Amino acid sequence: MTLRWTSEPVGEAIVDIVLSLNEQTQKMYSQEVATASYSDIKPTLNSLQEISRKIEEVDHELKGLEGHPGRYLRSMANAYRYFCRSLQGDDLPYSEYIANIQELPVAQIGPETISKQKELVEQGLADLGYKGTLKEKAEKWLEETLIPPEKVVEVAESMKEKSKAGTLERIIGLPEEDGIDSIKPITGVFWSGYSKYTGNYRGNLTFNIDRPWTEPVLAQIMTHEGYPGHQAFYCRWDYLYKQGKLPIEASYYLINSPTNALFEGGPESALHFLGWDRDEEETEDIAWPQKQHYKLARDWIDMQRMAMTNACCAFNNREMDKEEAIHYMMDTGLMSAIEAKNCHRFFSDPIQKTYYPSYYYGRWMVGKAYDAVAKEKRADFFKILYDTPHTTNTFIDAVSGLTGTQFQPFEQVKTAKEDFVL
């Protein structure tokens, strides 16, 4: 039986809008933005103008819808509208697009925040016995944990079953049919890893071997793309929809919507959910020295993501050109040239530029939420994250209700331009 939050015509129109946006994006940019859809509905809207008219019709029908479904669906409809405007080429401020599409702030991460993150990285390196400057320590750590390109898939495969076992034991259940059918290498792309859901609880993973990979960093990205990250999310949603527990109005995943910070923030925190970076957690034959490396890798990625997010915002606000953005990421984030150039390709892409902030802000939001929840309430937290359709704002409210205190993950976001130093 299909679960519905609205009447059948409205629910089907919502999915039609999503799949029609996907079809138009594929025609314009050869990119898929509806990366999963669990219903049998097919797209029928053949132009951006038709999609825009249908969005206004749906939005009118949603005005009186009360409670969580109303808040969720009105936010989604607003995001469809702004995504459609982006596809039309409307020249709106970048911050306006991100606020309306993702319900996220767009502000430079201040030098004090970045400096504190670098201190975490430097302490992690020192704890592992590395000497010298931050750059010298980091270069030695990266060198000693480097995986040859031809071995990346083999190492990723070795992590697959461990991460799935931890997911099933401590995070969420998955149907027996769930599985990752293949892990393959790729070159020539701007992303690091990609999880492709193929349906019927199955998926494939791909890793970009143009960029350097270390074992601790690969563990973070493998759990992001696989378990308890994207594959777990996709499969869980498919299962819930088939069980009549996920409404048809949320029976898909759409790039450029206010669900993005959860969909990326959860996977960005996936290894932390497993406890692979914490000594007090009993985990899948992962000893403390390895956990030290995994915690360091998370701090390292967070440091890089700060630089990447600042460069993304500055570039899309026309405050930096391409070369300035690449230089800034290499200097502030200690990134290799290939990593910085790939990141620029990512956030300058006409579709991905309004998606990219979901990685850092999502990690910030979901990670802070998880750490704010008492251990005995983690099952409730995972139900909010994995089983309930949420936008950024409704998720923040749900976490506030779970913890009994006002959850404000973005209160320290700095907006003053003088806080940002090139």
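The values are calculated or read from the model by the stated rules, or taken from the named source; none is laboratory data. This one's a predicted model, so the numbers in the text were calculated from it and none came from an experiment. Don't worry about glycine lacking a Cβ; one is built from the backbone with ideal geometry, like all the others, and counts go over all protein chains shown. To get the accessible areas, we keep the full protein, side chains included, count just its heavy atoms, and leave off ligands, DNA and RNA. Shrake-Rupley method; radii C 1.70, N 1.55, O 1.52, S 1.80 Å.
The heavy atoms of residue 380 present about 80 square angstrom of accessible area, all protein chains included, probe 1.4 Å. The alpha-carbon of residue 164 sits under 27 angstrom from the alpha-carbons of these lysines, leaving out residues fewer than 8 places away in its chain: 151, 184, 196, 242, 245, 291, 295, 368, 375, 377, 383.
The charge dipole of region 77-185, taken about its Cα centre with unit charges on the Cβ atoms of Lys, Arg (+1), Asp and Glu (-1) only, comes to about 260 debye.
These residues, 160, 54, go from largest to smallest accessible area, 1.4 Å probe, as 54, 160.
Among 186, 216, 243, flag the residue with its Cα farthest along the positive direction of the charge dipole of the chain, charges on Cβ as +1 for Lys/Arg and -1 for Asp/Glu. Highest projection toward the positive end goes to 243.
Under the convention that each Lys and Arg Cβ holds +1 and each Asp and Glu Cβ holds -1, the size of the dipole of the chain around its Cα centre is about 260 debye. Note on region 365-383 and region 16-50: Cα centroid distance 34 Å, given to the nearest whole angstrom. Dipole magnitude for region 28-141: computed about the Cα centre from +1 point charges on Lys and Arg Cβ and -1 point charges on Asp and Glu Cβ, it is near 260 debye. Scaling against 2.2 N^0.38 Å puts the C-alpha radius of gyration of the chain at 0.95.
Using +1 at the Cβ of each Lys and Arg and -1 at the Cβ of each Asp and Glu in the chain, identify which of 262, 93, 409 lies farthest towards the dipole's positive end. Value: 93. Using the Karplus relation 6.51 cos²θ - 1.76 cosθ + 1.60 with θ = phi - 60°, the per-residue 3J(HN,Hα) values for region 76-92 come to 5, 4, 4, 5, 4, 4, 6, 5, 4, 5, 5, 4, 6, x, 5, 8, 9 Hz, with x marking Gly and Pro.
One Cα centroid belongs to region 323-361, the other to region 156-231; the line between them spans 22 Å.
A simple rule links phi to the HN-Hα coupling: the Karplus curve 6.51 cos²θ - 1.76 cosθ + 1.60 with θ = phi - 60°, which for region 265-280 gives x, x, x, 5, 9, 4, 5, 5, 4, 5, x, 6, 10, 10, 5, 6 Hz, with x for Gly and Pro. When all protein chains stay in place, what accessible area (Å², nearest 10, 1.4 Å probe) is found for residue 2? Around 60 Å² of this residue is reachable by solvent. Remark on region 9-160: hydrodynamic radius 19.8 angstrom, per the Kirkwood mean of 1/r across alpha carbon pairs. Suppose we keep just the DSSP beta bridges with both residues in the chain; what percent of those would be antiparallel, to 5? The answer is about 60 percent antiparallel. Note the angle between two axes, namely the Cα long axis of helix 288-316 and the longest principal axis of the Cα atoms of the chain, as a number of degrees from 0 to 90, rounded to the nearest 10. Around 60 degrees separate the two axes.
A 1.4 Å probe over all protein chains sorts 42, 116 by accessible area into 42, 116, starting with the largest. Which loop GluC sites (Glu not before Pro) in region 100-198, with loop taken from DSSP, have no more than 10 other Cβ atoms within 10 angstrom of their Cβ? Listed in order of number, the matching sites are 176.
Surface composition of region 306-375: carbon plus sulfur atoms hold 50% of the accessible area, using a 1.4 angstrom probe and ignoring ligands, DNA and RNA.
Per-residue SASA remark: residue 53, around 140 Å² accessible (1.4 Å probe; ligands, DNA and RNA not included). Taking only the Cα atoms of region 1-51, the ratio Rg/Rh comes out at 1.00, with Rh defined as the Kirkwood radius.
Would you please classify the overall shape of region 104-237 from the alpha carbon gyration tensor, given that a ≥ b ≥ c denote the square roots of the eigenvalues, rounded means a/c under 1.5, and beyond that prolate means a/b larger than b/c while oblate covers the rest? Note, shape of region 104-237 comes out prolate.
Only helices enter this figure: runs of n ≥ 4 DSSP H residues, each worth -39500 (n - 2.57), summed and divided by the residues of the chain, yield -18000 deg cm²/dmol at 222 nm to the nearest 500.
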